[in-house]
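The structure appears below as C-alpha cells.
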Amino acid sequence: MYFAAEVLEKSSVLRQKWEDEVRRVIAKNPDQKPDHLWSTVSDLKIKRLYGPEDIKDMDFERDIGYPGQFPFLRGNQVTGYRGKYWTFRMFSGMGDAKTTNARWHLLLKEGQTGLSTAFDFPTLMGYDTDSPKARGECGKCGVAIDTLEDFLTLVDGIPLDRVTTSMTINPPATALWAMYCAAADLKGIPLTKIGGTIQNDMLKEFIAQKTLMCPPEPSVKLISDTVEFGTKYVPKWNTISISGYHIREAGSTAVQELAFTLRDGMEYVEDVIRRKGLDVDSFAPRLSFFFNSHIDFFEEIAKMRAARRIWAKAMRDRYKAKDPRSWWMRFHTQTAGCSLTAQQPYNNVIRTATEALAAVLGGTQSLHTNSLDEVLCLPSDHAVQIALRTQQIIAEETGVANTIDPLAGSYFVEALTNEMEEKAWEYIHKIDEMGGMIAAIEKGFPQLEIADAAYKFQRQIDAGEKIMIGVNKYVSEVQEPIPLVEIDDRVEIEQIERLNAVRRKRDNKAVKRCLEDLKNACKKGENVMPYCIEAVKNLASVQEICDVYREVYGEYRDPGLY
Amino acid sequence: MAERKLRVMVAKPGLDGHDRGARVLARCFRDAGFEVIYTGCHQTPEQIAAAAIQEDVDLVGLSCLSGAHRYLFPAVKKQLVERGADDIMVIGGGIIPDQDFQYLYDNGIKAIFTPGATLDSIVEWINNNVKPRE
C-alpha cells in the first residue's frame with residue numbers, strides 16, 4: 001500500500017468536502033465545456049483532480065523505485081542528465097550528399113551532439129535515382145544516396161569514431177548500414193569503434209509508415225541478420241530503433257503508439273532468439289526505441305515513463321533476460337510533425353518547445369526538435385537553428401535537467417502512467433492472442449485501429465471539439481508568408497549523371513559476382529551483411545541490392561486499408 | 001431514375017507513404033455516400049490512370065506529401081487524357097505550396113486542398129462540382 005490508512009481516510013473526508021464545493025460552484029458557474037471534452041489529444045478522459053486514492057494501489061518498490069533500478073520508471077541512468085544531457089540529434093538530409101554534408105557540419109558547429117540522416121524517397125524505398133518510379137522525388141524529402149561514392153561524400157570530414165549517426169532507413173537498411181561499415185573501413189576505423197543507429201523497423205512500416213519492399217516474414221529475417229551481425233562485429237551499434245513515431249503520425253492514440261511499438265519490440269526479440277539462437281542478453285541491450293512527443297504534455301510524459309516500466313517487465317519476466325541493461329528502454333524522441341500547422345507557422349516554435357519539454361521530463365536519451373517550417377518544406381538553416389536552440393534552452397536555462405524524473409509522485413502523473421500501462425498491456429495481450437504482430441498486421445488489426453483513431457480525431461477537429469490554433473480557432477485572414485526551401489530539379493539530373501559515371505568506372509563483373517553471392521546467401525538463409533558490405537565496396541547501388549531481395553523474397557504491396 | 005452514386009478514387013502516386021490524409025478522406029467519402037476505391041500507396045501515374053478507367057470513376061483525388069506533386073499530379077492527368085478519359089476529373093491535396101497551385105491548375109488539376117480544409121468542405125466541393133459521368 002502506497003499510503004498509510006489514516007492518510008486515505010483523511011483524504012476521503014477532505015475530498016468529500018471539496019466535491020461538495022465543486023458542485024456548489026458549477027451550479028452557479030458551469031465549466032467552460034462539458035466533462036467529456038476535458039480529455040487528452042488521444043481522447044483519454046482526464047479528471048478534474050487526482051489525489052492519493054488514485055494511486056493507492058501502487059507499491060513503491062514494485063512500481064516506482066529509483067533510477068537505474070527495476071522497473072526503471074524513473075530512468076535508466078543513475079546520474080540522470082547531470083552526467084550528460086540527452087543527445088541533441090537533428091534529423092536532416094536534403095538534395096545531394098554534398099548539400100547534406102554541409103548541413104551536418106553546420107549543425108555540429110552549432111552544438112549538435114549526434115547526427116541523424118533523412119534519405120529521399122527513392123533511397124528509402126530501395127530505388128536508384130534513375131528508376132522510373134523515382135521520377136520527381138530525388139532529394140525532395142532527404143538526401144539521395146545511390147552508391148558508396150555518395151555515402152563517402154555524405155560523411156566527409158565526420159569523425160565516425162566519435163560522432164554517432166542515426167540513419168532512418170528501413171527496407172534497404174542492410175545496404176545503407178553496409179555503406180557506413182565500408183566507409184569506416186576505408187577510413188581505417190574498426191567496426192568495434194563506430195556507433196549509431198539504423199531504424200530498421202519494418203513492422204511499423206506495415207502498420208504505419210508504408211516504406212514497403214518485401215513481405216513481413218523475410219523483412220523480419222533481414223532485421224534479425226543485422227542484429228546478429230551487430231552483436232558479433234559492431235557492438236556499439238543500435239541495430240533497430242523500434243519506432244512509435246510513425247504510428248503516432250499516422251493518427252494513433254498515445255496508448256496505441258505505446259502498445260504497438262512495444263509489441264513490435266517483442267516480436268523482434270522473439271525472432272532473433274528463435275531464428276538466430278542468440279541469448280537474449282547478448283543483443284537486447286542494443287535494442288533502442290523511438291517515440292513521438294505530441295502536444296498533450298502530461299500524456300506524453302506518462303507514456304514515456306510507462307514505456308520504460310512495461311519494457312523492463314517484458315524483458316525480465318517474459319524473455320527471462322538477466323542483464324539489467326537488457327531491461328533498459330533507451331529511446332530517441334521527435335516532436336510531433338502532425339501537431340504543427342501550415343497556418344501561422346511561427347506558432348510551431350511554441351508547440352515544439354512544449355513537446356520537447358515533455359520528452360525531457362519523460363526522460364528521453366536523444367531528441368529531435370522539428371523546425372517551424374517542416375510542415376511546409378525541408379527546414380531552412382534559420383528554422384533548424386531555432387529548433388536546436390530550443391533544446392539547448394531547455395537543457396541549460398530552464399533548470400528542468402537539475403533533478404531526475406521531477407514529476408514522480410504526482411498523483412496525476414503516476415495515475416496517468418498506470419493507466420497508459422494498463423491499456424497498453426490490454427493491446428499487447430490481444431495481439432498475443434492473434435498470434436503475434438505479424439499475424440495481427442496480416443489481419444489489418446493495428447492499421448485499422450489507427451485509421452479509426454485518425455478519422456475520429458479529424459472529425460473532432462472539424463467539429464471544434466479538439467483545438468488547433470490557427471486551423472479551427474483564432475484563424476487569421478492574412479497568411480504571412482515564410483521563406484521556403486526548395487530542391488531544384490537540377491539535383492535529380494546531376495545525381496543521375498553521378499550514378500552513371502559510377503556505373504561506367506566500376507568493375508561491373510565484380511558487381512555482378514557480388515550480387516550473385518548475395519542472392520545465394522538469401523536463398524540459403526545466410527546472414528546477408530557480409531555480402532552487402534562486399535557489394536557496396538564494389539559500388540553496387542542501393543537498388544541493385546534491393547532488387548536481389550525483391551527477386552528472392554517477393555514484393556509486398558500496400559493493401560490500402562482504410 | 002435517381003442519379004447513380006459518385007464513384008471516387010483516392011490515390012497515392014509516387015513513393016510517398018504518408019497516407020493518413022488519404023485514408024481519412026477515403027473513409028469520409030464512404031460516409032458521404034460515394035463509392036470509394038482506395039489504391040494504397042506507391043502507385044505510378046500509369047497505374048492510377050489505368051485503374052481509374054477500369055473502375056469507371058468520376059473523380060480521382062490524389063494525395064502527395066513528398067514534394068513530388070509538380071511531376072506526379074500532371075502526369076496522372078496526362079495519362080488519363082492519353083487513354084481517352086479526359087472527362088475524369090482530377091483533384092489533389094497534401095503539402096502543396098501556394099505558389100504551385102497555378103501550375104497544377106494549368107495542368108488539369110481542378111482543385112487543391114491543403115491541411116486545414118475540413119472534410120465537409122471537400123465533400124461539399126465534390127457535390128457541387130462533380131457529376132456522374134454519362
Notebook entry, point to check: How high is the FRET efficiency between residue A:555 and residue B:127 when r is their beta carbon distance and R₀ equals 45 Å, given to the nearest 0.05?
Noted result: 0.75
Note to self: From the convex hull of the Cα coordinates of chain A, what is the mean projected area in square nanometres?
What the structure shows: 26.9
Notebook entry, point to check: Relative to the present Cα-Cα distance, how much length would full extension add between residue A:382 and residue A:233 at 0.36 nm per residue of separation?
Noted result: 49.7 nm
Next item on the list: Under a cut-off of 15 Å between alpha-carbon atoms, report the aspartates and glutamates in cross-link reach of residue A:133, not counting same-chain residues fewer than 8 places apart.
Entry: A:120, A:146, A:492, A:544, A:547, A:555, B:16, B:46
Notebook entry, point to check: Working out 0.36 nm times the residue gap between residue A:270 and residue A:186, then minus their Cα-Cα distance, what length gain in nm do you get to one decimal?
Noted result: 26.7 nm
Check: Can you put A:49, A:44, A:148 in order, fewest other beta carbons within 10 Å first?
Finding: A:49, A:44, A:148
Check: In percent, how large is the relative contact order of chain A, given Cα pairs closer than 8 Å and 6 or more residues apart?
Finding: 19
Check: In the stretch A:49-165, what is the volume of the convex hull around the alpha carbon atoms, normalised per residue and reported in Å³?
Finding: 207
Notebook entry, point to check: Restricting the count to DSSP beta bridges whose residues both fall in the protein assembly as shown, what percent are antiparallel, rounded to a multiple of 5?
Noted result: 5
Notebook entry, point to check: Can you give the Kirkwood hydrodynamic radius of the stretch A:151-219 from its Cα pairs, in Å with one decimal?
Noted result: 13.1
Item checked: residue A:410-residue B:105 FRET efficiency (beta carbon distance; Förster radius 60 Å; 0.05 resolution) -> 0.65
Check: Along the principal axes of its C-alpha atoms, what lengths does the stretch A:5-61 span, in descending order and rounded to whole Å?
Finding: 39, 30, 8
Next item on the list: Once you have a ≥ b ≥ c as the square roots of the Cα gyration tensor eigenvalues for the stretch B:7-129, tell me rounded if a/c is under 1.5, and otherwise prolate or oblate according to whether a/b is larger than b/c.
Entry: rounded
Notebook entry, point to check: Across peptide B:7-16, how many C-beta atoms of other chains are within 10 Å of each residue C-beta, on average?
Noted result: 4
Checklist line | Nearest-0.05 FRET efficiency for residue A:484 and residue A:38, computed from C-beta distance (R0 41 Å) | finding: 0.60
Notebook entry, point to check: Relative contact order (percent) for the stretch A:161-256, with alpha-carbon contacts under 8 angstrom and 6 or more residues of separation?
Noted result: 32
Next item on the list: Starting from the coordinates of the alpha-carbon atoms of the stretch A:180-331, obtain the Kirkwood hydrodynamic radius over all distinct pairs and give the value in Å to one decimal.
Entry: 16.0
Check: Spin-label point model (7 Å from Cα, Cβ direction): what's the residue A:393 to residue A:59 distance in nm?
Finding: 4.5
Note to self: Which residues does the label zone of residue A:474 cover in the stretch A:349-391, counting backbone N under 13 Å from a point 7 Å along Cα→Cβ?
What the structure shows: A:349-351
Check: So how many Å³ per residue does the convex hull of the Cα atoms of the stretch A:65-111 work out to?
Finding: 89
Notebook entry, point to check: In angstroms, what radius of gyration and Dmax does the stretch A:405-480 have, counting Cα atoms only?
Noted result: 18.5, 53
Next item on the list: Compute the acute angle (0 to 90°) between the alpha-carbon long axis of helix A:490-505 and the principal axis of greatest extent of the alpha-carbon atoms of chain A; round to the nearest 10°.
Entry: 40
Notebook entry, point to check: Roughly what percent of Cα-Cα pairs across the stretch A:372-422 reach past 16 Å?
Noted result: 63
Next item on the list: Could you work out how far helix A:542-553 tilts from the main Cα principal axis of chain A, as a 0 to 90 degree angle to the nearest 10?
Entry: 80
Note to self: In the stretch A:38-60, whose amide N lies under 18 Å from the spot 7 Å out along Cα-to-Cβ of residue A:8? List them in ranges.
What the structure shows: A:50-60
Next item on the list: May I ask which of A:210/A:512; A:204/A:430; A:232/A:276; A:17/A:47 have a Cα-Cα span longer than 20 Å here?
Entry: A:210/A:512
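Values in this text are rule-based calculations from the coordinates and carry no lab data. Just so you know, these numbers come straight off a predicted model, no measurement behind them. Neighbour counts run over all protein chains shown; Cβ positions are idealised from the backbone, glycine included.
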